[in-house]
Amino acid sequence: MADLQDDLRTDAAAAGEFDERTEPYPDEGVVTAESYEPVSDPDDAPMTRARAILAAHPVADGYNGLPWALKRLPWYDLEDGESTVDTDVPRLRSGHVGALFWSLHLPEGLDGDRAVGATLEQLDLAKTVARACEEGLRPACTAGQVADARNRGRVAVLLGPAGAPALGDSLGILRQLHLLGLRVLTLTGVSWASEEGLTRFGEEVVREMNRLGVIADLSGASTQTLRRVLSLSRAPVLCSRSAARSLRPHPANLPDDLLAELGAAKGLCLVPLTAEQTGPTVRDVADHLDHIRAVAGAHCVGLSGTYDSGAAHPQELGDTSCYPRLVAELLRRGWDEPDVALLTWGNVQRVLRGADFTARAAQQRREPSTATISELDG
Amino acid sequence: MTSQEAVRELLREFPVVDGHNDLPWALREQVRYDLDARDIATDQSAHLHTDIPRLRAGGVGAQYWSVYVRTDAPDPVAATLEQIDCVRQLLTRHPEDLRPALTAADMEAARGEGRIASLMGAEGGHSIANSLGTLRGLYGLGVRYMTLTHNDNVDWADSATDQPRAGGLTAFGREVVREMNRLGMLVDLSHVAATTMRDALDASSAPVIFSHSSARAVCDHPRNVPDDVLERLPANGGMAMVTFVPKFVLQAAVDWTAAADENMRVHGFHPLDTTAEAMKVHRAFEERHPRPVATVSTVADHLDHMREAAGIDHLGIGGDYDGTAFTPDGLADVSGYPNLLAELLDRGWSKADLAKLTWKNAVRVLDAAEDVARGLQATRSPSNATIGSLDTPAG
């Protein structure tokens, strides 16, 4: 019910004066230590407490590749269980997953019209998989729809991130992909978001994403791009798969200065559960979460299972049922309940709400952009 | 009451559904979608066949906007999405006049509100790049018919104006038709070879349309529909929407166009070359050989014949405005439909006949396609066939 009440408040705020608002977006739905009501008994074993907290604050998993992984199977049944993949309804339930972002990233090297067409196919595939599993999964676009799915006992499925080449360098195509459900776009691999940062067209893409409510994903983006988007975007941004570079060198992991800047901008760093980026054990993952919480803040850290995307996972975190183990480890380290609740659910909800709010406000002010890349970037 | 007055009265109740209008393409080519530069709320007759005042004057109540892109474009899928975006921008800008429509019920609602129902049609299978997932994406974005080919063959279907290759539809082509049936996207057989028309009629379990084609028996041009195909429309339930393009409907214009094209080739230009030098050659030809002019009566002749061959329940109108350089006398732009209807009334068509021609048939056909789709969706999952799995490469 809390989620529904937040919706009402957001709508009421959206009816007010957008232009006089100084904050880029309201802090609706942000859990604070003062407002948090505990759901677990501190005297229980960590695993028992982890399950109790997750039951109230499930995992919003920022990156999952299930549709693509299912493509190679002639037949599958997600509701009964599908042992050849890491994600199915029984394991999502036992892992207390409440929302999943489905990656639409394409095989390397696709660009131009093939990237656009392949992204349409990916969106279609994701919808087909979700539709075939209506008892367990429910497509969602907005924060309100995510809350609605949860109230119905379904795992909310959001579409994205997709790679920037999916746009075919066109804002009109961005608008159509958004209409088809795209919610997150990774700003790498295109001329307008490169090592040199954003071009003028790149900046216009970010403004149009804000207007639509498509969230910028900056994992793998250049430092220049990341900094420019942080200052430009009126909606919160996220890094869909980034851990701490000071603990483990990996190009997509973020150095401390960027983590701090991301935190200051109320962005979200979603830590991937992959051996390559975080290390081979549950403790390694927890080290990254500890570090990012300390550097960026408890409001700026979340989880990306990265299941069914081809990555190797840390021991004991092999599939979508394993989240309670990770949360139990955090509790052992002294994480309090509000911080765990933010990590698993609250932060992703805040970012979705922020993007929804920014979009509603921007649509009152801005017409769809008709700018073209040739006009702006020459 | 004059015929014109009677037609005006009739159009107020049963406005025109037009099957094909290339305004989005004209906006892309002329002003790169700068919709302020071509504000269709005001008179655009200096640049376009189409604007809202003239649609109103023409008694148009529903329009399938074509989201056509060139067959030789390097990025047909991307360009198609941009065309769809253009239609959406038009709808957002003119909510008082244009109503988004996805279903027959939406068309009726628009008629009740006095707005112009706006539907979308993709003109050519090249827009889906051999992918059923992309086809479903276009449906999801609101596209409600797809012409199987444009002027060039696609890998799975022969065009009327290209060298025969598949001999109609390939196995994947038939799967495309079946998937369109399952979705409720109308199969449009304008532009396709007669072999493709027959194959598609065999494969389709829903009514088909010809969004802008006339009768081959009246004017022998491959873009027109042969009688044996028109005669299959009653059993199929579909419709042929007569087009006005002079070089398809008037035999003298067909012959003149062939001669003009040949003249261009002799001078070393492609017939569609619009560079200054090419146009100079073309103008010189036109001075020596005046261009034959089609009239309202020419188009009415086609409808008279199509009515004989297919029946009154299987006719419609698809002007191809802003998709053709020339138009017949009396049908110069989208305000001209009443002239055609008045001519038909004078030829003895009843008001009930005209109501079917303008409105009722097109709404019935879309409604029937939705009905077929509902039935198929209950039993059939989205097809994941690929062209590679169905069409073994020759040799």
query: Quick one: would you say B:Arg88 is of a type in the set (Lys, Arg), within 30 Å of B:Ala57 (Cβ to Cβ), part of a helix (DSSP H, G or I) and within 12 Å of chain A (Cβ to nearest Cβ)?
result: yes
Note on region B:346-369: residues surrounded by fewer than 20 Cβ atoms within 10 Å (Cβ to Cβ) and either touching a residue at least 60 places away in the same chain (Cβ under 8 Å) or not in a loop (DSSP other than H, G, I, E, B) (or both) are B:Asp346, B:Lys351, B:Ala352, B:Asp353, B:Ala355, B:Lys360, B:Arg364, B:Asp367, B:Ala368
Within region B:370-392, residues part of a helix (DSSP H, G or I) and charged (D, E, K, R) come out as B:Glu370, B:Asp371, B:Arg374
Counting only residues in region B:107-128 that are buried (at least 24 other Cβ atoms within 10 Å of the Cβ) and of a type in the set (Gly, Ala, Ser), the one farthest from the other protein chains (Cβ to nearest Cβ) is identified as B:Ala117
Taking the criterion of being without any contact (Cβ under 8 Å) to a residue 12 or more places away in the chain, in a loop (DSSP other than H, G, I, E, B) and away from chain B (no Cβ under 11 Å), would at least one residue in region A:112-133 satisfy it?
no
(Q) When you scan region A:332-341, do you find a residue that is touching a helix residue (DSSP H, G or I) at 6+ places or on another chain (Cβ under 8 Å), more than 14 Å from chain B (Cβ to nearest Cβ) and within 25 Å of A:Leu212 (Cα to Cα), even just one? (A) no
Taking region B:45-85 and the residues there that are in a loop (DSSP other than H, G, I, E, B) and touching a Lys or Arg at 6+ places or on another chain (Cβ under 8 Å), the one that is farthest from the other protein chains (Cβ to nearest Cβ) would be B:Gly59
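Take the residues in region A:150-174 that are of a type in the set (Gly, Ala, Ser) and farther than 22 Å from A:Trp68 by Cβ, then tell me which one is surrounded by the most Cβ atoms within 10 Å (Cβ to Cβ).
Across region A:150-174, the extreme among qualifying residues is A:Gly172.
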Checked B:Ala166, B:Ala171 against criteria (surrounded by fewer than 19 Cβ atoms within 10 Å (Cβ to Cβ) and farther than 23 Å from B:Met120 by Cβ); the one match is B:Ala171
- Out of curiosity, is A:Leu185 within 29 Å of A:Cys133 (Cβ to Cβ) and assigned to a strand (DSSP E or B)? yes
Contact list, first residue from region B:373-385 and more than 14 Å from chain A (Cβ to nearest Cβ), second anywhere and of a type in the set (A, V, I, L, M) and assigned to a loop (DSSP other than H, G, I, E, B), beta-carbon distance below 8 Å, six or more apart or interchain, is B:Ala373/B:Ala206
Restricting region A:185-219 to residues that are surrounded by fewer than 20 Cβ atoms within 10 Å (Cβ to Cβ) and not polar (S, T, N, Q), the one nearest to the chain's Cα centre (by Cα) turns out to be A:Arg207
Pairs returned, first residue in region B:35-49 that is in the same structural domain as B:Ala332 (by TED's automatic domain parsing) and surrounded by 15 or more Cβ atoms within 10 Å (Cβ to Cβ), second residue that is of a type in the set (Asp, Glu) and at pLDDT 95 or above, beta-carbon separation under 6 angstrom, 6 or more apart or interchain, are B:Ile40/B:Asp51; B:Gln44/B:Asp51; B:Leu48/B:Asp322; B:His49/B:Asp322; B:His49/B:Asp333
If we keep only residues of region B:136-163 that are hydroxyl-bearing (Ser, Thr, Tyr), away from every other protein chain (no Cβ under 14 Å) and not in a loop (DSSP other than H, G, I, E, B), then the residue surrounded by the most Cβ atoms within 10 Å (Cβ to Cβ) is B:Thr147
Scan region A:139-156 and give yes if some residue there is within 14 Å of chain B (Cβ to nearest Cβ) and of a type outside the set (Gly, Ala, Ser), otherwise no. yes
Answer yes or no: is there a residue in region A:226-239 that is out of contact with any Pro (no Cβ under 7 Å at 6 or more places or on another chain) and either within 14 Å of chain B (Cβ to nearest Cβ) or on the phi > 0 side of the Ramachandran plot (or both). no
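The values are calculated or read from the model by the stated rules, or taken from the named source; none is laboratory data. Every value quoted in this text rests on a predicted model; they were computed, and no experiment measured them. Because the Cβ atoms are built from the backbone with ideal geometry, glycine has one as well, and the counts that use them run over all protein chains shown.
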